[in-house]
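Written out below as structure tokens is the structure these notes cover.
The values are calculated or read from the model by the stated rules, or taken from the named source; none is laboratory data. Values in this document were obtained by computation on a predicted structure and should not be read as measured data. We place every Cβ from the backbone using ideal geometry, glycine too, and count neighbours over all the protein chains shown.
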Amino acid sequence: MRYYWGIFLFFFATLSFGLNITLVNPTNKEETFWALITELMQKSALDLNVNLTVYYSDSHRIVQSELIEKIVTAKNKPDYVVFLPYGGSIIRSFNALEKAKIPFVTLERAFDINKVSEIALPQEVYKYWLGEIYNDNVEAGKLLSSSLYHFAKENLPKEKTHHAIAINGDYYAESLDRAEGFSHFYKSKNDVIINQILPARWSREEAGRLFLKLHHRYEKNEIVWAASDQMALGVLDVIEQTGLMPNKDFFLGGFDLIPEAIKAIEDNRMTASVGGHFLQGAWALIKIYDHHHNVPNVFKKGDSTPFIKPSVIDRYNIDQYKVLADRKNLSKVDFSKFSVHHNSLNDDKQYQLTLESFIEKLNVSLQIQ
């Protein structure tokens, strides 16, 4: 298995930085969504004068576990580690970091916490597990489902039963939770039939292939729900083979708010995308920075509250968010403005890095330039 070793943000100047953080990216340099997370985390590190080192685990839990072993046994250890743990290797990784006494923060929840109950919650069993940055994927799944449902009801013939399909990711908790939100929402509607849910392994090409298969299998698929924007875009890649028109014959949505999807919504080719969690890496770094500078209650023992509130971008509000379609814009925000320590913010103003506040500061930055 090939290792991807990427070292960013002036590694040669480590001594000039007071804080060293390592991100173990769960994918590779080419994966669009995680490349965006990494890019914004790098920008937040630059804004806060933090040294950030990035390693890539190539979407493989064993590679990730081995990388963490290398990190904890290295001569120069980081002050903190940030990573997305996989269920199959979570105990090994947590044990290694705990033994090395390296504080760490986890991203998302790609594992079922009920199946690894021995880890408990942050700081309960593993004292160096400071906290986790994640969103409620079940609620996010419902949010996307609701948006697509309302567009279908408004634009298709009244008093009609609609048919929904879901192109899911894989069998990890993140994907399963999103699909649970899909199923829960549409099973509560007496005018929607769920045709099928199939996994495309997060692959854009596989999603397009599955959509064609489901298009030929069922007479109607007016609601097309995908567990990522890349897979939703995979549907658009093959749409000419069906003769269907997006936002006319069917309504399509995904997750992640990647720039290409935002542009597709603006161009009336996609219906909606749900996200905000592309900020999770920047969020983790900002919280670690404040914790390191003794801001109280940044990470709380036993806290399991989803930290990121998902937002939906669709045909209704695209004008407000279309600035996200240009990826070059996203790194123009000064992330130091969100730090409590850096700005001497009061507790009641703590941590306003929502998608809306990010857009607000982004628009201000663009107006100044």
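His215 falls short on exactly one of the conditions (1) assigned to a helix (DSSP H, G or I); (2) over 29 Å from Lys158 (Cα atoms); (3) not hydrophobic (A, V, I, L, M, F, W, C), and that condition is (2).
Taken together, the residues in the range 67-96 that are assigned to a helix (DSSP H, G or I), under 17 Å from Pro26 (Cα atoms) and in contact (Cβ under 8 Å) with a residue 12 or more places away in the chain amount to 9. Listed by first and then second residue, the pairs linking a residue in the range 127-139 that is over 16 Å from Ala282 (Cβ atoms) to a residue that is among the basic types (Lys, Arg), with Cβ atoms under 8 Å apart and 6 or more places separating them unless they lie on different chains, are Tyr128/Lys101; Asn137/Arg109; Asn137/Arg178; Val138/Arg178.
For Tyr289, are the conditions met, namely being of a type in the set (Ser, Thr, Tyr), more than 19 Å from the chain's Cα centre (by Cα) and under 27 Å from Val105 (Cα atoms)? In short, yes.
Filter the range 229-262 down to the residues that are in a helix (DSSP H, G or I) and among the aliphatic types (A, V, I, L, M), then identify the one that is farthest from Glu205 (Cα to Cα). Ranking the candidates gives Ile262 first. Counting only residues that are without any contact (Cβ under 8 Å) to a residue 40 or more places away in the chain and over 12 Å from Ser228 (Cβ atoms), the range 251-269 holds 3 of them. The one condition from (1) among the β-branched types (Val, Ile, Thr); (2) assigned to a helix (DSSP H, G or I); (3) in the same structural domain as Ser44 (by TED's automatic domain parsing) that Ile265 does not meet is (3). Of all the criteria given as (1) assigned to a loop (DSSP other than H, G, I, E, B); (2) under 17 Å from the mean Cα position of the chain (by Cα), the one not satisfied by Leu121 is (2).
How many residues, within the range 268-298, are part of a loop (DSSP other than H, G, I, E, B), at pLDDT 95 or above and closer than 19 Å to Pro103 by Cβ? The number of residues fulfilling the criteria is 0.
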